[in-house]
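Everything below concerns the one structure shown next.
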Amino acid sequence: MPLLVLILSSIIKIVIIVHLLLIGVMAMIWSERRVSGWMQDRLGPNRVGPQGLLQPIADGLKFMFKEDLIPDHVDKPLYVLAPAMLLVPALVTVAVVPFGNAITLFGYEIPLQIADVNIGILYVLAITSLGVYGVVLGAWASNNKYSLLGGLRSSAQMISYELTLGLAIIGVLMLTSSLSLRTIAVEQGAYPWQWNFLIHFPAFLAFTTAMYAETNRLPFDLAEAEQELVAGYHTEYSSMKFAMFFMAEYMNMIVGSAVTVTLFLGGWHFFGLENVGGPVWSGLISFGIFFVKTAIFLFVFIWVRWTLPRFRYDQLMNFGWKFLLPVALTSIVVTGILWIATGSRLIVGIGNVIAAFIVVSIVAGLLVMNKTPEPAIQDSNRQITPSALDAIE
Amino acid sequence: MNPEQILFIFFGAISLIGAIAVISFRHPIYSALSLIVTFFAQAGLFVLLGAHFVAAVQVIVYAGAIMVLFLFVIMLLNLGTLSAQGAIGGKLKGFAIILGILLAAEGIYIAMNALNDTAVASAEAAAESVTTTTYDIGELLFTKYLLPFEVTSLILLAALIGVIVLVKREGQEEN
């Protein structure tokens, strides 16, 4: 492929993907509010445009035309920088996500991916681990107690759950023996039982849970717990800067779902739709499959939000370190041993589930045996909530 | 100048500016941020050397984890702006001067060596013969460097146990 074609196709892909991501954010905001309304048996926004579809545009215009307020007491450079530091990692992670098979145009085969880096998944982990700076710096620069508490909670939470996020995918990497996201997607077949989520079911659950924590979504949204911290780390932000925090959150959700689909849910594969259409259509169909899978996963995000209540801070830490981390570690050991010993994906899959069940039972048993009195009861007559106390300590 | 050289100068300059900013800023949070910029630029330099894995690990470990903890501690202790006397002064001054001279001597020595043509040629030859993929690093770690690798993991384990012991003792005192 000549250099010119490579550069041109890359630029076109970047423009399309970034716009899709921005439109995706708008679609997510709309569906979040409408689905929330539907789940709570109320209407949700339905006035602007058909079915309220233009509501995100109205909101966006409002954000842009609002006065760009910078409070007096903030640390100005960091206050301005923080939303950008959250938004940029969210935008650049998508570069390595393969969102479809290849399209053949004018005799050139163009893979539907901005960059196939050979350390793809490490790149994703590296960039997502930087998202925490936006939250922490925004919180600190706001010079506000609630913001700072939110930022501290968020950084502790992200560091704890990042470990699980990284360890849970090692089983997948061992069986694929590649770090490239495209290779991982190609290795999974067309049928659901060939996808990684069945072979590494406990790791899949651990990864998904950790991803919810990394994106600060309920039940892990302690960083912006409205009842305790006003709005957490973005309390002092308004107009477009506030919008940037929200766009980054939704972009993280979209990219996280796309990465999960690539790693565990077979990427763009779906049986019966493999070789439909010509060289252009098969590529577009593969993109469509990927899109639908990501959309379903995003719907689960909203679903979980209205299903599970928020964790208390100590519950969050207990869950992350005592359940998720052991499950992820066990999946590495079991996958490695069974894969070398038998070489059968079926046995690896069954072994993983049994091992995770045993580990969770042991941990739960130990916790019940060493049960200490609930901190919430001891602190019930204090003015400050136990989770805030933990965050201060 | 080829693109690689331009990128090298770009990342090298950012790395140096970041490093100078670390010691120039009076506020610890800004210093920590400058250090993150330096780590990033160094990751860029690793990519230029073809060591993609090292670059990713550099960002994950240093920029993603260690510096977050640094910021966490700075915020928890609520460290204010440091005065010039507080930063470098007292007993540490002599020590700092000695270390500075040593570092400068080291830098000059390396620069003199690098200007030597044969050294450049041999470094280029070495760089061309080695392709460092993740696979290569893994194989080297588990064959040639197995003992250092295992010793490192033992040291990490000791640190881990140390942390748990320290935390446990503190908890019992509270009770």
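So the values come out like this:
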| quantity | calculated |
| --- | --- |
| Matching residues in the stretch A:331-345 - criterion: being farther than 14 Å from A:Leu165 by Cα and either of a type in the set (A, V, I, L, M, F, W, C) or modelled with pLDDT of 85 or more (or both) | A:Val333, A:Val334, A:Thr335, A:Gly336, A:Ile337, A:Leu338, A:Trp339, A:Ile340, A:Ala341, A:Thr342 |
| Qualifying residue in the stretch A:108-116 (condition: in a loop (DSSP other than H, G, I, E, B), away from chain B (no Cβ under 14 Å) and among the aromatic types (Phe, Trp, Tyr)) | no |
| Given (1) farther than 25 Å from A:Pro111 by Cβ; (2) among the charged types (D, E, K, R); (3) away from chain B (no Cβ under 14 Å), index of the condition A:Glu187 fails | (1) |
| The stretch A:135-165 - residue that is under 13 Å from A:Leu222 (Cα atoms), among the hydroxyl-bearing types (Ser, Thr, Tyr) and more than 7 Å from chain B (Cβ to nearest Cβ) and, of those, nearest to the chain's Cα centre (by Cα) | A:Ser154 |
| Flag if A:Ala168 is touching a residue at least 12 places away in the same chain (Cβ under 8 Å), crowded, with 24+ Cβ neighbours inside 10 Å and not basic (Lys, Arg) | yes |
| Of all residues making up the stretch A:180-201, the number that are within 17 Å of A:Ile170 (Cα to Cα) and in contact with a His (Cβ under 7 Å, 6 or more places away or on another chain) | 1 |
| Residue tally, condition under 25 Å from the mean Cα position of the chain (by Cα), at pLDDT below 85 and surrounded by fewer than 20 Cβ atoms within 10 Å (Cβ to Cβ), over the stretch A:79-117 | 3 |
| Test: residue in the stretch A:318-326 that is of a type in the set (A, V, I, L, M) and at pLDDT 85 or above | yes |
| Selected residue (criterion: farthest from the other protein chains (Cβ to nearest Cβ)) from residues of the stretch B:59-75 that are touching a helix residue (DSSP H, G or I) at 6+ places or on another chain (Cβ under 7 Å) and over 28 Å from A:Ile119 (Cα atoms) | B:Ile74 |
| Check on A:Leu122, part of a helix (DSSP H, G or I), away from chain B (no Cβ under 14 Å) and either closer than 30 Å to A:Gly151 by Cα or without any contact (Cβ under 8 Å) to a residue 60 or more places away in the chain (or both) | no |
| Single match in B:Leu147, B:Leu140 (criterion: assigned to a helix (DSSP H, G or I), modelled with pLDDT of 90 or more and under 30 Å from A:Leu173 (Cβ atoms)) | B:Leu147 |
| Sole exception among (1) at pLDDT 85 or above; (2) within 13 Å of chain B (Cβ to nearest Cβ) for A:Ala168, by number | (2) |
| Output for the stretch B:33-50, where each listed residue is on the phi < 0 side of the Ramachandran plot and more than 10 Å from every other protein chain (Cβ to nearest Cβ) | B:Ser34, B:Leu35, B:Val37, B:Thr38, B:Phe39, B:Ala41, B:Gln42, B:Gly44, B:Leu45, B:Phe46, B:Leu48, B:Leu49 |
| Count - residues of the stretch A:125-134 that are part of a helix (DSSP H, G or I) and either more than 10 Å from every other protein chain (Cβ to nearest Cβ) or polar (S, T, N, Q) (or both) | 2 |
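The values are calculated or read from the model by the stated rules, or taken from the named source; none is laboratory data. Here the structure is a predicted model, which is why all the values come from computation and not from measurement. Glycine gets a Cβ as well: all are built from the backbone with ideal geometry, and neighbour counts include every protein chain shown.
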